[in-house]
Amino acid sequence: MADFDIVQLPARSDNYAVLVHDPASGATASIDAPDAAPIKAELEARGWTLTHILVTHKHLDHVEGIKPLRQAFDVTVIGPQKSAAETGLYDRTVTDGDHLEFAGTEVQVIETPGHTLDHVSYFLPGQKLAFVADTLFALGCGRVFEGTPEMMWESLKKLRALPDETVVYCGHEYTLANAEFAVSVEPDNAALADRAAQIRALRAEDKPTLPTTIKREKETNPFLRADDRGLADALGMAGADPVTVFAEVRGRKDRF
Ligand code: ZN
Ligand code: FE
């Protein structure tokens, strides 16, 4: 099994690009391309050549770096079929259930619409690695811009079903604001309070709070727990169906 080097790279104001490098073959993928400059600088510093860009969705803060990176590298850009015509940026398109190969390793495509209709996540089962961009965040989830709460909840359930130990990379460093919101919803949740304290400490030192894991999110992320009785009780919604609970939590966060 490949042993990848992984670099999580801050870009723009709060985005992350993630570089995945296979030392054996030299292949290097960037998950999304928020901004070409920091990606190029990092590749140069490490002596890596960009070979692939895996695009999660069409938003500018995930694709703006593609064109300049294409000018600098002979790169294959892979992105969701649903935004291929709109963006005109992809060499190869993917849909739900597709299996790609990167450096001899399987990459599964999971459609996770809700934030946008085209959003996909990439899962490497052999490495237990997932790239979920703006669908799932540490203690949060993406704003539902194009889909419906039901669609987003279904997408989050797909990610929740990945193995507990899966290491999850997200599109943004939003964790501190997410933590303050989550604590406001569940002030009596001790596991959440512990995690919020860890997050405040990391951010006070300007350290990243990501990646996270599926297990940690299942335990403390309110958006993955819309079917958890404790959360429904905390909201005064005991007995409500999960989609209704999810929509309520998402709506509260939008107004928080
Ligand atoms: Zn987005
Ligand atoms: Fe984004």
Practice problem: Using the Karplus curve 6.51 cos²θ - 1.76 cosθ + 1.60 with θ = phi - 60°, work out ³J(HN,Hα) for each residue of the range 18-23 in order, rounded to whole Hz, and write x for Gly and Pro. | Solution: 10, 9, 10, 10, 9, x
Exercise. Starting at the first residue of the range 82-91, write each ³J(HN,Hα) from the Karplus equation 6.51 cos²θ - 1.76 cosθ + 1.60 with θ = phi - 60°, in whole Hz, x for Gly and Pro.
Key: 5, 10, 5, 5, 5, 8, x, 10, 9, 7
Quiz item: Taking amide H positions as placed 1.01 Å from N in the peptide plane, with prolines and chain starts having none, which residues 5 or more places from residue 186, or on another chain, fall under 5 Å of its amide H?
Solution: none
Quiz prompt | Rounded Å value of the spacing that divides the Cα centres of the range 120-174 and the range 60-76 | solution = 23
Exercise. Only Cα pairs under 8 Å and at least 6 apart count here; give the relative contact order of the chain as a rounded whole percent.
Key: 13
Self-check item: Amide H contacts under 5 Å for residue 137, placed H, 5+ residues apart
Solution: 142
Quiz prompt | Amide H contacts under 5 Å for residue 49, placed H, 5+ residues apart | solution = none
Quiz prompt | Kirkwood-based Rg to Rh ratio, the range 132-256, C-alpha trace | solution = 0.93
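Can you pull a Stokes-Einstein diffusion coefficient for the chain at 37 °C (0.692 mPa s), Rh from Kirkwood over Cα pairs, as a whole number of µm²/s? All intermediate terms of the calculation are to be shown ahead of the outcome.
Details: Rh = 18.5 Å.
Roughly 177 µm²/s, to the nearest whole number.
Which net charge results for the neighbourhood of residue 72, defined as the other residues with beta-carbon distances under 11 angstrom from its beta-carbon, given Lys and Arg at +1 and Asp and Glu at -1?
Details: positive: 40, 67, 70; negative: 44, 74.
Taking every Cβ under 11 Å from that of residue 72, the sum is +1.
Can you give the net charge of the other residues whose Cβ lies under 11 Å from the Cβ of residue 5, counting K and R as +1 and D and E as -1?
Working: positive: 46; negative: 3, 22.
Net local charge, residue 5 excluded: -1.
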Quiz item: What nm value, rounded to one decimal, do you get for the distance between residue 41 and residue 101 when each label is placed 7 Å out toward the C-beta?
Solution: 3.7
Quiz item: Counting only DSSP beta bridges with both residues in the range 56-150, what percent are antiparallel, rounded to the nearest 5?
Solution: 80
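What ranking do 13, 155 get, fewest neighbouring Cβ atoms within 10 angstrom at the top? Each step should come with its number before you reach the end.
Details: 13 9, 155 26.
If I rank by nearby Cβ atoms, fewest first, I get 13, 155.
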Quiz prompt | Gaussian network model of the chain, Cα within-10 Å springs - most flexible of 196, 33, 238 | solution = 238
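Where both partners of a DSSP beta bridge lie in the chain, what percent of those bridges are antiparallel, to the nearest 5?
Values: 27 of 40 bridges.
Of all bridge pairs located within the chain, approximately 70 percent are antiparallel.
If neighbour count is taken as other Cβ atoms inside 10 Å, put 76, 28 in order from fewest to most.
On the way: 76 16, 28 25.
With the sparsest Cβ surroundings first, the list reads 76, 28.
Which of 145, 181, 246 has the fewest other C-beta atoms within 10 Å, and how do the rest follow up to the most? All intermediate terms of the calculation are to be shown ahead of the outcome.
On the way: 145 14, 181 18, 246 27.
So the ranking, lowest neighbour count to highest, is 145, 181, 246.
Just so you know, all these numbers are worked out from the coordinates, no wet-lab data involved. What you are looking at is a predicted structure, and each value in this text was computed from that prediction instead of being measured. Every residue, glycine as well, gets a Cβ built from its backbone with ideal geometry; the counts of neighbours run over all protein chains shown.
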